[in-house]
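Worksheet for the structure shown next.
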Amino acid sequence: MYPEPGGIRPGAYSARFHARRGGVFRLSERVYNFAAGPAVLPESVLKKAQSELLSYHGCGMSVMELSHRGSEFAEIHAAAKERFKRLLGVPDTHEVLFMQGGATAQFAAVPLNLMGGGSASYAVTGNFSGIAAKEAAKYGAVSTAYDGSGDNFRHIPRQEELDIAPGSAYFHYCANNTIFGTAWDYVPETGGIPIVCDMSSEIMSHPVDVSKYGVIYAGAQKNIAPAGLTVAVVDKRLAGRECAATPQVLSYQKMIDKDSMLNTPPCWCIYMLGLVLEWIEEQGGLEEMDARRRERSAILYDVLDNSKIYLPHAERTSRSMMNVTFRTASAELDAEFVAGAKKRGLMNVKGHRLVGGMRASIYNAMPVEGVRALAEYMKEFEVGHHA
Ligand SMILES: *Cc1c(COP(=O)(O)O)cnc(C)c1O
């Protein structure tokens, strides 16, 4: 199982090494993976996938080898979609689409489908929303409802700071800024302008009122599946007006008509999504995921708020519960922190180059023990280094 709370595991590295050298890779020797995405998946899900790998439900083939038009996969696909709808509470007005090309493809799909050659408003609160706005500007007029670049994206705008252009075909924002570690704690008021939201790094981490959104999209590799699947939840009333040059694989209407089976879907990822959603349901659903993200993030922010050496990146009222960003006073000390973490099996805590310092991504599948281990390490590191 996972290492004990406290995280002092001097033998962690060599144990893993021996396991590999002996030719036996044991799942039980996993590390705590704080990567931003692709990211940690529930261990029980990986084990289940492993147990079904060679012969899915006795059919003699792995899910990777099944025809996407066959009955086994049809069931996997339908069940994953049903679970997704149930867990997120997707109303009948909206359709769940399994697409490809990552959130990055949605940066183009959204304006292609919704802009109608007109204009759209974008709140730029980080790297990805900036890229999304740039991509949209290829297809129509983009107005910036908020630009957070001035303080390197520490701040999430309050409603009164938003300048949403009247007549916009939609308003786009990114709910959780994976790189900068900030998040919106409210759904903006737009006066009836459809809301499009990039939820890549927080999808399925808390309940959402889907009816408030025109489109929700998410690259699945942060919180709900392996890389290769993008989920879009689309208000059907907004589909069917895409620009004529829209590639069919990016057309919401085409994908709705074909139930996401326009072409070969990412079958394995959809299967894994189904397993992860099943796991979330077993754990207690999105209310439980919400409680856990609050618990996990509070542990780390508590260390940061009581520290003399760590500086959090995000403004206090803009903090993310999924990605916790911080640094020390110097890049050298940051590097030492990251190296020391790795020695304890606390992996991938190096920050993104746009922010520097450290980032702990603590998605649904990160056990609270992993967060406690990181918090313990942070405190010890501080004791060893404060001036
Ligand atoms: C990772 C990420 C993206 C980019 O996703 P891809 O699937 O790599 O295209 C976009 N938006 C957010 C919020 C992300 O975290």
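The values are calculated or read from the model by the stated rules, or taken from the named source; none is laboratory data. All values reported here derive from a predicted model rather than from experimental measurement. Here the Cβ is made from the backbone with ideal geometry for all residues, glycine too, and neighbour counts use every protein chain on show. All accessible areas refer to the heavy atoms of the entire protein, side chains included, with ligands and DNA or RNA removed. Shrake-Rupley method; radii C 1.70, N 1.55, O 1.52, S 1.80 Å.
Pairs meeting the criteria (first residue in region 139-151 and modelled with pLDDT under 95, second residue hydrophobic (A, V, I, L, M, F, W, C), beta carbons under 9 Å, at least 6 apart or on different chains) are lacking. Restricting attention to region 227-237, the residues that are surrounded by fewer than 19 Cβ atoms within 10 Å (Cβ to Cβ) and more than 12 Å from the ligand (Cβ to nearest atom) add up to 2. Within region 100-120, restricting attention to residues that are among the small types (Gly, Ala, Ser) and under 29 Å from Gly356 (Cα atoms), the residue that is most open to solvent (accessible area, probe 1.4 Å) is Gly101.
Taking region 28-66 as the search range and keeping residues that are free of Cβ contacts under 8 Å to residues at least 12 places away in the same chain and in a helix (DSSP H, G or I), which one is most open to solvent (accessible area, probe 1.4 Å)?
Within region 28-66, the subset free of Cβ contacts under 8 Å to residues at least 12 places away in the same chain is 51-55, 58, 60-62, 65.
Add one more test, that the residue is in a helix (DSSP H, G or I), and what stays is 51, 58, 65.
Numbers: Ser51: 90, Gly58: 69, Glu65: 118 Å².
Among residues in region 28-66 that are free of Cβ contacts under 8 Å to residues at least 12 places away in the same chain and in a helix (DSSP H, G or I), the one most open to solvent (accessible area, probe 1.4 Å) is Glu65.
Each residue in region 12-57 was checked for being more than 27 Å from the chain's Cα centre (by Cα) and at pLDDT 95 or above, and 4 of them qualify.
Residues of region 171-197 being surrounded by 24 or more Cβ atoms within 10 Å (Cβ to Cβ), closer than 18 Å to Gln106 by Cβ and touching a residue at least 60 places away in the same chain (Cβ under 8 Å), which ones? Answer for region 171-197, where residues must be surrounded by 24 or more Cβ atoms within 10 Å (Cβ to Cβ), closer than 18 Å to Gln106 by Cβ and touching a residue at least 60 places away in the same chain (Cβ under 8 Å): His172, Asn176, Asn177, Thr178, Val196. Assess whether Phe326 counts as being farther than 23 Å from Asn223 by Cα and crowded, with 22+ Cβ neighbours inside 10 Å. In short, no.
Which of the following residues is more than 15 Å from the ligand (Cβ to nearest atom), touching a residue at least 12 places away in the same chain (Cβ under 8 Å) and either closer than 30 Å to Tyr56 by Cβ or part of a strand (DSSP E or B) (or both): Ile203, Ile256, Ile224, Ile216?
Working: Ile203 fails: more than 15 Å from the ligand (Cβ to nearest atom); Ile224 fails: more than 15 Å from the ligand (Cβ to nearest atom); Ile216 fails: more than 15 Å from the ligand (Cβ to nearest atom).
Within the list Ile203, Ile256, Ile224, Ile216, the selection yields Ile256.
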